[in-house]
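Step one of this worksheet: look at the structure below.
The values are calculated or read from the model by the stated rules, or taken from the named source; none is laboratory data. Computed from a predicted model, the values in this text were never measured in an experiment. Counting neighbours? That spans all protein chains shown, and the Cβs are built from the backbone with ideal geometry, glycine included. Accessible surface is based on the protein model in full, side chains and every heavy atom, while ligands, DNA and RNA are left aside. Shrake-Rupley method; radii C 1.70, N 1.55, O 1.52, S 1.80 Å.
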Amino acid sequence: MVIAILNQKGGVGKTTLSVHIASTLALAGNRVLLIDADAQRCALEWAASREMKSIFSVVGISKNIIHKEIPLLKPNYDYIVIDGPPRVYDVARSAIAASDIILIPVQPSLYDVWSAKEVVDLINEVKEPLQAYKKIKAAFIINRKIFNTIIGRDVVEALEQYKNVPVLSSCITQRIVYAEMAARGTTAVEDDPESNGGKEIKKLTEELIKFSRNGDVK
Ligand SMILES: Nc1ncnc2c1ncn2[C@@H]1O[C@H](COP(=O)(O)OP(=O)(O)OP(=O)(O)O)[C@@H](O)[C@H]1O
Ligand SMILES: [Mg+2]
């Protein structure tokens, strides 16, 4: 299964969620490949700052050849996670065409809701001609939710304008641990699976896999 974490908007948590989802799937015993599709190479930097043994492979493909490479890579992995680039449209298009499921991180702000239109439009444009061959699903995940707050109803309501792109019921909270893990090349799930961060990432990964199988949001 190919999971792409995409949003044309920068800094919404694509790399953070990519390494955490890849790590969760690998810790569960799956063969996982993380493709860093961003020319800035943050996921590769994450891997380079790691001192422990790797639990999944990270490779950089920041050209619009991802959809051509994936069929060759797929037999060797249970899951391929693509960390998408901000802005670069042709690479994002290639990642969408290669995917089974697309996760769109958005911060709980109306600015993020409005700018998500770009990625949703791009997904619709790419998936339509492919519909006869495969069904590409997409869902939003709210990232950087402030602990102990409820997400503004205006944000959730505004996301409903994007038909066929549901909002996962899991949320990822604003936690300093996610930034700290980047510097050490590890993840909250690996560091302490029973920590609040570890638990919310596991919950998100489980919901994502369930959604990819039956299209349901809890
Ligand atoms: N839930 C979170 N809690 C705290 N910090 C976070 C969270 N999610 C992301 N960050 C921090 O926000 C910054 C941007 O996150 P990240 O690099 O994952 O975003 P991105 O979408 O990959 O950015 P880019 O578009 O530049 O590739 C990083 O410093 C990261 O550590
Ligand atoms: Mg990134």
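Based on this model, can you work out whether E207 counts as in contact with a strand residue (DSSP E or B) (Cβ under 7 Å, 6 or more places away or on another chain) and free of Cβ contacts under 8 Å to residues at least 40 places away in the same chain? In short, yes.
Whenever a residue of segment 11-30 is over 15 Å from A182 (Cα atoms), its partners that are open to solvent by 10 Å² or more (accessible area, probe 1.4 Å) and of a type in the set (A, V, I, L, M), lying with C-beta atoms within less than 9 angstrom and at least six residues away or across chains, give the pairs L25/I209; A26/I55; L27/I55. Residue check, A97 against (1) modelled with pLDDT under 95; (2) open to solvent by 20 Å² or more (accessible area, probe 1.4 Å); (3) not basic (K, R), all met but one. Which one? So A97 meets the others, but not (1).
Which count do you get for residues in segment 164-218 that are part of a helix (DSSP H, G or I) and of a type in the set (D, E)?
Looking only at that region, the number is 6.
If you go through segment 82-110 and keep only what is within 26 Å of T149 (Cβ to Cβ) and more than 14 Å from ligand 1 (Cβ to nearest atom), you end up with just L110. Among the residues making up segment 49-88, those that are within 15 Å of ligand 2 (Cβ to nearest atom) and part of a loop (DSSP other than H, G, I, E, B) are S49, I61, S62, G84, P85, P86, R87, V88.
Within segment 26-48, take every residue that is open to solvent by less than 10 Å² (accessible area, probe 1.4 Å), touching an Asp or Glu at 6+ places or on another chain (Cβ under 9 Å) and away from ligand 2 (no atom under 11 Å from the Cβ) and give me the one that is farthest from H67 (Cα to Cα).
V32
Within segment 171-195, the residues that satisfy the criterion of being within 15 Å of N143 (Cβ to Cβ), more than 9 Å from ligand 1 (Cβ to nearest atom) and either in contact with a helix residue (DSSP H, G or I) (Cβ under 7 Å, 6 or more places away or on another chain) or without any contact (Cβ under 8 Å) to a residue 24 or more places away in the chain (or both) are T187, A188.
State whether the residues of segment 186-203 include one that is buried (at least 17 other Cβ atoms within 10 Å of the Cβ) and within 27 Å of Y89 (Cα to Cα). Within segment 186-203 (the criterion being buried (at least 17 other Cβ atoms within 10 Å of the Cβ) and within 27 Å of Y89 (Cα to Cα)), the answer is no, since none of the residues qualifies.
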